[in-house]
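Written out below as structure tokens is the structure these notes cover.
Every read-out reported here was derived from the displayed coordinates using simple, explicitly stated rules and does not represent laboratory data. For clarity, every value in this text was computed on a predicted model and none was experimentally measured. Glycine also receives a Cβ, built like all others from the backbone with ideal geometry; neighbour counts cover every protein chain displayed.
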Amino acid sequence: MRIVIAASEGVPFVKTGGLADVTGTLLKELRKKNHKVSLIIPLYPDIKKKWNLFSTGKIISVVMGDMVIKGHILASDNTKNPEVYFIECDTLYDRPELYGTSDGEYSDNAIRFLFFSRAVLETCISLNIVPDVVHCNDWQTAMIPLYLKVIYSGYRQFKKTASLYTIHNLAYEGLFPASYMKYTGLGLDYFVPERLEFYGKMNFMKAGILYADQLNTVSSTYAREILEKEYGFGLEGVLRTRRDSLRGILNGIDYDEWDPSHDQFIPEPYSTDNLQGKATCKNAFIETIGIKDPEKPLVGIVSRFAAQKGLDLVYLSLDELMSIGVNIAILGKGEDYYQNLFSKVSRKYRGRLFVKIGFIEPLAHLLYAGCDFFLMPSKYEPCGIGQMIAMRYGTVPIARKTGGLADSILDYNYYASRGNGFLFSDFSAFAMQDSIKRALCVFTDKSRMQKIMFSAMQKDFSWKNSAEQYLKLYRRACREISV
């Protein structure tokens, strides 16, 4: 198949979250299967600095309201089928961050990604790419399915082109003032409740949901959850109208990057055949972060600092967790409120609680390898990849039973001695603490602990199965437009 993946980020070039992992790794897996796949992303300044890119010599122009915005198309390699195309437009993308700074989102994000959505399709026209499917991701490219059916419906490149729209996180809908409609290239007849209008604003994600040929989100449980008010963020009614086209596909992880038997960032490799290296990794990690007592259970967190991630539960539980002998290591960045909160409290529990603001790749690898447990108390979690990486490294997950966490973790049954992690249902500090205490009961029993570690490590989270499911969805979308 000829597949174009459109996204605002993708590994290894640029990443702020799980979206980048999905787009970059899915691209690699589909190309392994000999499909003609290209990823198209904006060209951000860090990419320019770190990568040697190739000019295609092509320039695109998009009329947006009373403006004409131009973009230059670059490629990741100088071949007939480059892995990645980049849209260079310094006016829109030469910024310190992708979407905004700590002061807030960029005020022109609507224009930035309306242009990008048009630029993806203009790139196909300019380079004579005839896609079977355009795979769109999150709000930043949610307008593409609508554009394919309206503005670009007469172009020969897209006569047989289907669209798949993937919702990675419904909370980020792409809501903008109605005044931005003039930049869409669409008439005001599209600013109605049946189309783009959403409580007086324009909703990008709503466009993807309504106009894509097929929809999916990143776990089966989350696909069911978002049909309900608690998780639907006001779009549950719209989603119910597309229920028959909505699927859940659990993300995978890149097994080339996350492999404890060949990880360049850990001091000693290990596997299910020989776990000795994990103890070495724990000692090295403890020494690196200044934890005082290496015998105590060590709980790790790698997270974006946001309310969604359940960090309030962690903060409220610190006194109790310290009293029962738990050490904690936290790595992440995000909202200033949580960064300041945990930086301050880490001084109170120096030697027991380690907090590092930012994302340092070698330290993240060492955390996954060096901890005994990995905590994800998310209020909601569309998929999550932290628990998958942790399990790959024999670090037992403790998580709230929601979204992809519920789909990837089997709650440990002490009497049957079966499971690969610990789950709790209520979003409360007490429920989280209870789950951690259950985990500590296993930690004190070495044979049980080793068994649950083996069970976690043997779980297959490679992208092979997920990629096959995406191919099935692509084919389903193609059949949808041929009817």
Open item on the list: Condition first: in contact with a strand residue (DSSP E or B) (Cβ under 7 Å, 6 or more places away or on another chain) and either in a strand (DSSP E or B) or under 23 Å from I385 (Cα atoms) (or both). Can you find one or more residues in region 45-55 that meet it?
Closed with: yes
Open item on the list: Let me spell it out: the conditions are (1) among the charged types (D, E, K, R); (2) within 23 Å of the chain's Cα centre (by Cα); (3) over 18 Å from L210 (Cβ atoms), and E173 meets all of them except one. Which number is the exception?
Closed with: (3)
Open item on the list: Can you tell me how many residues within region 318-359 are in a helix (DSSP H, G or I), within 27 Å of the chain's Cα centre (by Cα) and crowded, with 21+ Cβ neighbours inside 10 Å?
Closed with: 2
- [ ] Would you please name the residue that is farthest from L440 (Cα to Cα), looking only at residues in region 292-310 that are over 18 Å from the mean Cα position of the chain (by Cα) and outside any loop (DSSP other than H, G, I, E, B)?
- [x] G300
Task: Candidate set from region 186-203 (those that are of a type in the set (D, E, K, R) and either surrounded by 17 or more Cβ atoms within 10 Å (Cβ to Cβ) or closer than 18 Å to G237 by Cβ (or both)); member that is farthest from the chain's Cα centre (by Cα) - done: E194
TODO: Could you tell me which residue of region 363-388 is nearest to M453 (Cα to Cα), considering only residues that are part of a loop (DSSP other than H, G, I, E, B) and in contact with a strand residue (DSSP E or B) (Cβ under 7 Å, 6 or more places away or on another chain)?
DONE: D372
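Let's see how each residue does on (1) under 25 Å from the mean Cα position of the chain (by Cα); (2) β-branched (V, I, T); (3) buried (at least 16 other Cβ atoms within 10 Å of the Cβ):
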| position | (1), (2), (3) |
| --- | --- |
| G10 | yes, no, yes |
| A20 | yes, no, yes |
| H35 | yes, no, yes |
| L39 | yes, no, yes |
| D66 | no, no, no |
| G71 | no, no, yes |
| Y85 | yes, no, yes |
TODO: Would you please name the residue that is farthest from the chain's Cα centre (by Cα), looking only at residues in region 406-456 that are farther than 21 Å from M322 by Cα, surrounded by 15 or more Cβ atoms within 10 Å (Cβ to Cβ) and among the polar types (S, T, N, Q)?
DONE: S455
Open item on the list: Condition check: free of Cβ contacts under 8 Å to residues at least 60 places away in the same chain, small (G, A, S), assigned to a helix (DSSP H, G or I) and within 14 Å of Y368 (Cα to Cα). Does A284 satisfy that?
Closed with: no
